[in-house]
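Everything below concerns the one structure shown next.
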Amino acid sequence: MELELSPRAAEIVACAQSLLVAGGYNGFSYADISAAVQISKPTIHHHFPSKAELVQTVVKRYRQQARDGMAATDRAIADPVGRLEAYTAYWEACIRDGTASLCVCAMLAAEMPAIPPLVADEVRGHFFDLTGWLTTTLEQGVASGAFRLRASPRADAMALMATVHGAMLAARAYGDPAIFRTIVAPSMAQLSGKA
């Protein structure tokens with residue numbers, strides 16, 4: 001179910017998401033959004049009375065888009081290996097073309113001790129959603145003989161998720177999108193028994 005947002009509120013949320021990915025929760029203010037979207041700060045406050053509510057909306061929307069993306073991947077790709085390859089290819093493309101150099105929830109997770117609880121709860125929810133999808137995909141891959149796990153499906157799912165998020169950070173730190181594939185490829189090969 002898509003969050004109902006007015007066109008102006010959706011524009012504010014999209015801008016806030018870009019600013020979150022670029023600099024985290026404390027890396028932007030309503031003044032930054034005002035300048036980028038060309039609206040007054042009181043108008044932003046009308047839509048989102050507090051920064052915490054704005055970021056909560058960003059993460060709720062992000063979570064829904066991620067769940068929709070995972071469901072679409074499941075419908076489009078029957079093969080568990082293909083699903084994981086699609087997941088990592090998605091992030092590789094986002095990093096390479098600059099549409100999203102980092103998962104907004106990974107960025108916010110790094111700030112977990114300092115972000116408001118209502119935002120932290122949504123961030124945790126995203127990690128649970130993603131872990132659940134990866135776990136199910138790995139379980140299906142084990143059942144079909146496509147994957148060889150080092151630990152339980154859930155533990156390997158969390159390890160893969162950490163590898164993908166770490167690869168995003170490394171690609172950003174090195175200023176080299178190719179680093180993402182360099183880090184992720186060995187984990188994918190290990191899962192499929194090709195390592």
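Can you pull out the GluC sites (Glu not before Pro) in segment 1-98 whose DSSP state is coil and whose Cβ has at most 14 other Cβ atoms within 10 Å? Provide the component values of the computation, followed by the final result.
Numbers: sites: Glu2, Glu4, Glu11, Glu53, Glu85, Glu92; in loops: Glu2, Glu4.
Of the GluC sites (Glu not before Pro), the ones in loops of segment 1-98 whose Cβ has at most 14 other Cβ atoms within 10 Å are Glu2, Glu4.
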Seminar exercise, completed: Reduced to Cα centres, the span from segment 1-56 to segment 68-113 in Å works out to 23 Å
Exercise. Hey, can you list the DSSP H helices of the chain whose Cα span along the axis is 15 Å or longer and whose average Kyte-Doolittle score is at least 1.0?
Worked result: 7-23, 178-191
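Find the eigenvalues of the gyration tensor of the Cα atoms of segment 1-65, then list the square roots of 5 times those eigenvalues as equivalent ellipsoid semi-axes, largest first, in whole angstrom.
Working: eigenvalues 56, 40, 20 Å².
Listed largest to smallest, the semi-axes of segment 1-65 are 17, 14, 10 Å.
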Problem set entry | Helical contribution to [θ] at 222 nm, DSSP H n ≥ 4, -39,500 (n - 2.57), averaged over the chain, rounded to 500 | -25000 deg cm²/dmol
Exercise. P(r) for segment 7-191: what percent of alpha-carbon pairs falls in each 10 Å bin, starting at zero?
Worked result: 9, 34, 34, 17, 5, 1
Problem set entry | Relative pair counts by distance (%), Cα atoms of segment 96-195, 10 Å bins | 15, 39, 35, 11, 1
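Taken together, the values in this text are just the output of simple stated rules run on the coordinates, not laboratory data. Everything quoted here is computed from the prediction, not taken from an experiment. So basically every Cβ, Gly included, is an ideal-geometry build from the backbone, and we count neighbours across all protein chains shown.
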